[in-house]
Amino acid sequence: MSYSIGIDIGTTTVKCILFGEKAKVVAEAGKEYGTLLPEPSWAQQNPDDWWRAVVECIRVILAKSWVNAEDIRVISVSSQAPAVLPVTKEGKPLHDALIWMDRRSVEEYEIIKETVGARRVFEITGNRLDTYFTLTELMWFIRNHPEIMEKCFKVLQVNGYVNYKLTGEFTIDDTHASLTQLYDVHRDCWSRELLDAIGADVDLMPQVYDCMAPIGHVSAEAAELTGLSTGTVVLAGAVDATAAGLEMGVYSGGRVAEMTGTSSVVLIGFDELVTGEELSYLKGRAKNSTLLYGAMNSAGGSLRWFRDALYGGETMKKDAYPRMNREVEERAKRPSRIIFLPYMAGERAPIWDPDARGTFIGLNLNTSRAELIRAIMEGACFALQDNLDQAAKMGLPIKDIICCGGCSRSDIWLKIKASVIGKEIKLPEVNLGAPAGLAYMNAAYMGEYSTPEEASDANLRIKKVVEPVREWIPMYRELYQVYLESYQSLKRQFKNLARIR
């Protein structure tokens with residue numbers, strides 16, 4: 001029997017799943033790691049934390065399954081994106097990786113806006129100029145750490161580093177390349193114009209591979225650490241959203257899904273190149289395909305902040321989130337009438353404001369902890385509705401949404417979400433997120449399906465439909481308008497706060 005492994009390097013957790021034939025789950029493991037926040041708007045991670053977690057998880061699934069490592073034919077890795085990780089010729093990290101949450105490159109944003117122009121950046125990359133992308137972050141390194149860039153051999157993405165540790169090869173897949181804002185999406189090549197604009201050499205960028213292209217085999221060193229076989233092929237992999245979209249059938253026809261975890265991403269799939277300045281462009285798995293997405297920085301991340309800062313953190317039983325859900329269901333049974341702006345790490349779509357901050361509005365002496373938790377859930381849902389409104393303005397019809405990811409396991413949150421957007425939410429029977437999409441790519445590579453999309457169609461079944469709570473809808477419509485007005489009222493104050501050091 002043949003097996004494969006899908007590994008997702010998320011913002012907070014590595015998820016590693018061993019799949020049997022036809023993408024059936026055999027064993028799985030997960031491992032959390034931390035994010036360093038040295039200053040407001042800064043977010044970085046130690047890349048060796050990812051690798052240690054991957055090694056541990058692979059060893060766990062091998063031990064759980066008793067599968068012979070030589071029967072594992074292929075591995076694919078997906079990850080959070082984009083990131084900036086400068087490494088030496090020997091693959092040694094020269095700095096912590098700046099992850100997608102990082103917003104330190106505001107000065108570089110202004111320089112590029114002045115010298116290149118935001119419109120020109122959009123014309124080349126399909127995405128609006130923003131500190132979210134690799135472009136401004138790499139320029140920050142060049143301007144602030146020239147000593148690092150003198151030693152830098154390649155700039156890697158998150159899965160690119162893990163792929164290097166697995167194979168010894170420096171690579172990037174085409175979905176990650178599309179999020180660097182250094183890639184010409186119309187000509188399918190690195191943009192010398194943009195690289196020249198920030199003072200970077202094109203040789204810093206790795207060779208670009210198709211998601212399903214083999215980049216090498218597991219190296220002898222990686223095999224010794226993980227227990228894998230050197231006969232196992234490693235594919236280039238994908239952005240987590242591309243892989244998760246594949247699980248949910250979002251790859252053509254304007255299908256819509258939400259991937260909800262630390263961040264929340266609305267995905268709309270097309271089988272052609274489609275771009276828009278309010279939503280972001282991400283290359284799909286297939287050639288010329290597109291995932292338009294509206295990405296919110298801190299959906300589950302806001303709830304995790306509350307869990308760690310004000311709820312006592314996680315427990316040995318891993319039951320903090322279920323207890324929070326029960327508290328809301330029992331003690332905050334109606335819309336909270338508290339506005340929470342979920343901008344704990346600035347915000348991407350649709351406001352694109354790195355200075356925005358998390359904010360509670362409407363607290364009083366009777367406000368309970370349960371109401372604060374519910375307000376956080378509601379704020380994330382209002383941010384989702386804001387992005388759906390942008391899609392509607394582009395003429396993209398939204399009938400219903402398929403939802404996957406960690407936050408989709410909360411029944412009360414799903415009810416709130418359905419009530420805020422006024423539409424039913426569908427949950428797939430297979431709800432593994434990015435690893436499932438990787439499994440479909442692996443299965444197609446091994447010849448079990450003709451394409452990953454065929455594998456997705458064969459495995460996509462809806463197990464549950466969450467309907468809106470009708471009596472909540474009118475109040476949420478009113479609260480949503482207050483939510484929109486609140487950000488506009490505080491926008492200038494957010495910028496003033498950001499200037500204070």
Exercise for the section: Output yes when any residue across region 15-25 is at pLDDT 95 or above and under 26 Å from Thr180 (Cβ atoms), and no when none is. Expected result: yes
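Within region 358-389, restricting attention to residues that are under 20 Å from the mean Cα position of the chain (by Cα) and not aliphatic (A, V, I, L, M), which residue is surrounded by the most Cβ atoms within 10 Å (Cβ to Cβ)?
Checked region 358-389; the qualifying residue surrounded by the most Cβ atoms within 10 Å (Cβ to Cβ) is Gly379.
Just checking, how many residues over region 353-382 are of a type in the set (S, T, N, Q) and either in a strand (DSSP E or B) or at pLDDT below 95 (or both)? Explain how you work it out, then say what you get.
Here is the first cut: in region 353-382, the ones of a type in the set (S, T, N, Q) are 359, 364, 366-368.
So of that shortlist, the ones also either in a strand (DSSP E or B) or at pLDDT below 95 (or both) come out as 359.
Looking only at that region, the number is 1.
Going by the conditions given, is Arg128 crowded, with 20+ Cβ neighbours inside 10 Å and under 20 Å from Val155 (Cβ atoms)? Outline the logic, then answer.
Details: crowded, with 20+ Cβ neighbours inside 10 Å: yes; under 20 Å from Val155 (Cβ atoms): no.
No; evaluated as a whole, the condition is false for this residue.
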Problem - First in region 275-292 and closer than 15 Å to Leu388 by Cβ, second anywhere and outside any loop (DSSP other than H, G, I, E, B) and of a type in the set (Phe, Trp, Tyr), Cβ under 6 Å, 6 or more apart - result: Ser280/Tyr293
Fill in the blank from the handout: Residue set Tyr293, Tyr321; condition in a helix (DSSP H, G or I) and either surrounded by fewer than 13 Cβ atoms within 10 Å (Cβ to Cβ) or not β-branched (Val, Ile, Thr) (or both); output residue Tyr321
Fill in the blank from the handout: Per the filter on region 1-48, residues part of a loop (DSSP other than H, G, I, E, B) and among the hydroxyl-bearing types (Ser, Thr, Tyr) are Ser2, Thr11, Thr12, Tyr33, Thr35, Ser41
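Out of Ser456, Ser489, which single residue is of a type in the set (S, T, N, Q) and either buried (at least 20 other Cβ atoms within 10 Å of the Cβ) or touching a Cys at 6+ places or on another chain (Cβ under 7 Å) (or both)? Steps first, answer last, please.
Details: Ser489 fails: either buried (at least 20 other Cβ atoms within 10 Å of the Cβ) or touching a Cys at 6+ places or on another chain (Cβ under 7 Å) (or both).
When all the criteria are applied, what remains is Ser456.
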Problem - For Glu70: the one exception among (1) more than 30 Å from Ser450 (Cβ to Cβ); (2) assigned to a helix (DSSP H, G or I); (3) not hydroxyl-bearing (Ser, Thr, Tyr) - result: (1)
Fill in the blank from the handout: Residue pairs qualifying under the 6 Å Cβ cut-off, at least six apart or on distinct chains, with the first in region 6-35 being crowded, with 18+ Cβ neighbours inside 10 Å and the second being basic (Lys, Arg) and part of a strand (DSSP E or B), are Asp8/Lys15; Val14/Lys31
Practice task
Just one of (1) within 22 Å of the chain's Cα centre (by Cα); (2) under 17 Å from Arg323 (Cα atoms); (3) in contact (Cβ under 8 Å) with a residue 60 or more places away in the chain trips up Ile401, so point out which.
Solution key: (2)
Problem - Hits in region 172-197 (condition: buried (at least 24 other Cβ atoms within 10 Å of the Cβ) and hydroxyl-bearing (Ser, Thr, Tyr)) - result: Thr175, Ser178, Thr180, Tyr183
Practice task
Output yes when any residue across region 230-242 is in contact with a strand residue (DSSP E or B) (Cβ under 8 Å, 6 or more places away or on another chain), buried (at least 18 other Cβ atoms within 10 Å of the Cβ), modelled with pLDDT under 95 and small (Gly, Ala, Ser), and no when none is.
Solution key: yes
Handout entry: All positions within region 221-262 that are within 13 Å of the chain's Cα centre (by Cα) and either outside any strand (DSSP E or B) or of a type in the set (A, V, I, L, M) (or both)
Key = Ala238, Val239, Asp240, Ala241, Thr242, Ala243, Ala244, Gly245, Met259, Gly261, Thr262
Practice task
Please enumerate the residues belonging to region 187-222 that are closer than 30 Å to Asn459 by Cβ and either of a type in the set (A, V, I, L, M, F, W, C) or in contact with a Cys (Cβ under 9 Å, 6 or more places away or on another chain) (or both).
Solution key: Val208, Cys211, Met212, Ala213, Ile215, Val218, Ala222
Problem - Search result, residues across region 141-159 that are assigned to a helix (DSSP H, G or I) and over 22 Å from the mean Cα position of the chain (by Cα) - result: Phe141, Ile142, Arg143, Asn144, Pro146, Glu147, Ile148, Met149, Glu150, Lys151
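Return yes when Ser456 is touching a Gly at 6+ places or on another chain (Cβ under 8 Å) and among the hydroxyl-bearing types (Ser, Thr, Tyr) and no when it is not. Write out each step before concluding.
Values: touching a Gly at 6+ places or on another chain (Cβ under 8 Å): yes; among the hydroxyl-bearing types (Ser, Thr, Tyr): yes.
For Ser456, the condition - touching a Gly at 6+ places or on another chain (Cβ under 8 Å) and among the hydroxyl-bearing types (Ser, Thr, Tyr) - is met.
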Problem - Condition broken by Val265, with the remaining ones in (1) in contact with a strand residue (DSSP E or B) (Cβ under 8 Å, 6 or more places away or on another chain); (2) not in a strand (DSSP E or B) satisfied - result: (2)
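Yes/no per residue for (1) part of a helix (DSSP H, G or I); (2) free of Cβ contacts under 8 Å to residues at least 24 places away in the same chain; (3) not charged (D, E, K, R):
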position	(1), (2), (3)
Ile351	no, no, yes
Asn387	yes, no, yes
Lys417	yes, no, no
Leu427	no, no, yes
Problem - Sole residue being closer than 27 Å to Gly284 by Cβ and surrounded by fewer than 16 Cβ atoms within 10 Å (Cβ to Cβ), chosen from Ala118, Ala83, Ala97 - result: Ala118
Completion exercise
Residues of region 279-291 being more than 18 Å from Ile124 (Cβ to Cβ) and over 15 Å from the mean Cα position of the chain (by Cα), in sequence order, are Arg285, Ala286, Lys287, Ser289
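The values are calculated or read from the model by the stated rules, or taken from the named source; none is laboratory data. Treat the numbers as computed from the prediction; the structure is a model and nothing was measured. Reconstructed Cβ throughout: ideal geometry from the backbone, glycine too, with neighbour counts over all protein chains shown.
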